Structures are given as C-alpha cells and as structure tokens.
Amino acid sequence: MKFSWLLFPSMIVLFWVFFKIGLVFFGGGYVVLPVIHRELVNNLHLITEQEFIDGTAISQLTPGPIAIIATFAGFIIANVWGALIATFAMFLPGSTLMFVISKNYEKIKNSAFAIKVLNTVIPVIVGLLIVTSWQIAQTTIENKLDLIVLITSFVLLVRFKINPAVLIISVMLLGILFKTLS
C-alpha cells in the first residue's frame, strides 16, 4: 500500500489520540476502553459504535487484547499506516515510563508516595471498568437471549471461575449453531 501525504494530518491526529490514551494505559488494558470509546466514537467520530464493539470483541481473541484495539482502530481509520502509528503511539508513553522506572527502581520501590498514588488509582480503575461494561451492555443487549447470555457468562466467570477463552469459544460455537439451525 502506498502512503498518501494527504493522509499526513490525519496521521498526526491518530498519533496524538493514541499517545494520550497511552498516557493512561496502566492498571490493565480495560482501563482505557472508556477513553478509547470517548475519543474515537463520541468526540472524533473516527469509528462507529459497532466498529468499537467489534474491535473489542475481536481483540479478546488475541494476547494483549486491549492494546490490539489500537491496531484494529488504526487500521479501520487509515489502513496499515494507521495501524502502525496507532500501535506505536499507544505503547510509546508506557514504554518510556517503564524505561525511566526501571532505571530508578531501587530509589522508588519503597516510596510511600508511590504506594499511596497506586492505592488511590485502584478505585478509579474499578469505576472505569464499570462504565465501560455499562456502555458496551447498552449497545449490545438487544433481546432476552442476549441478557441470558450476559447473566450466564457472569455467573460462570464469577462463581465457577471458568476460563474466559473457553467461555468465548463456547458462546461463539453456540451462536454459530443457533444461526445455522434458524
């Protein structure tokens, strides 16, 4: 694919959006889902709600699932160059931070300030996860069967500690079976 210089301004926007997302990409990938949703779907309208949900679902099948959504969204927005730029921008802040922290680890590992900051962030992360879950549920729960799948999945994950990959593959196969039978 040949790069068009007409895409350059949109590549700068794409880099900046994912760089900002990368700045808050800590505590697990799910923390950034509401940020990605707000920026790409609500604010900039670079991807649709359905593309966001599809990207989130597809990314669950890969290692490092939420980071993969940067690649997916970048590809949707600007093909291969967009995927490369979005992925690079998303990982740049965290990689830089890890480099700085690892060089100074002995100085900060027992810092009361660092421990307090990390302990304060945890409730925010929980709140972000709840918001993300609610946003995705509002868009994807369309009928009683969807609600039954949601509740059953929740119970299987929480009560019986079923492996999420097994659950995803099982529900996917059931969906294919029901679609074939109907």
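The values are calculated or read from the model by the stated rules, or taken from the named source; none is laboratory data. As the structure is a computational prediction, the values presented were derived from the model and not from experiment. Glycine gets a Cβ as well: all are built from the backbone with ideal geometry, and neighbour counts include every protein chain shown.
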(request) Any chance you could count how many residues in region 143-162 are surrounded by 13 or more Cβ atoms within 10 Å (Cβ to Cβ) and part of a loop (DSSP other than H, G, I, E, B)? (result) 1
(message) Out of the residues in region 105-118 meeting the condition of being farther than 18 Å from Phe25 by Cα and small (Gly, Ala, Ser), tell me which one is surrounded by the fewest Cβ atoms within 10 Å (Cβ to Cβ).
(response) Ala112
(message) Quick check on my filter: what residues within region 156-182 are closer than 20 Å to Asp54 by Cβ and of a type in the set (D, E, K, R)?
(response) Lys179
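For (1) β-branched (Val, Ile, Thr); (2) part of a helix (DSSP H, G or I); (3) farther than 28 Å from Ile169 by Cα, each residue gets a yes or a no:
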site: Leu14; (1), (2), (3): no, yes, yes
site: Lys20; (1), (2), (3): no, yes, yes
site: Val32; (1), (2), (3): yes, yes, no
site: Ala57; (1), (2), (3): no, yes, no
site: Gly74; (1), (2), (3): no, yes, no
(message) Criterion first (at pLDDT 85 or above, among the β-branched types (Val, Ile, Thr) and out of contact with any Phe, Trp or Tyr (no Cβ under 9 Å at 6 or more places or on another chain)) does Thr62 satisfy it?
(response) no
(message) With within 30 Å of Val166 (Cα to Cα), of a type outside the set (Val, Ile, Thr) and out of contact with any Gly (no Cβ under 8 Å at 6 or more places or on another chain) as the only criterion, which of Ser59, Ser111, Ser102 stands out?
(response) Ser59
(request) Please work out if Ser102 is surrounded by 11 or more Cβ atoms within 10 Å (Cβ to Cβ) and modelled with pLDDT under 90. (result) no
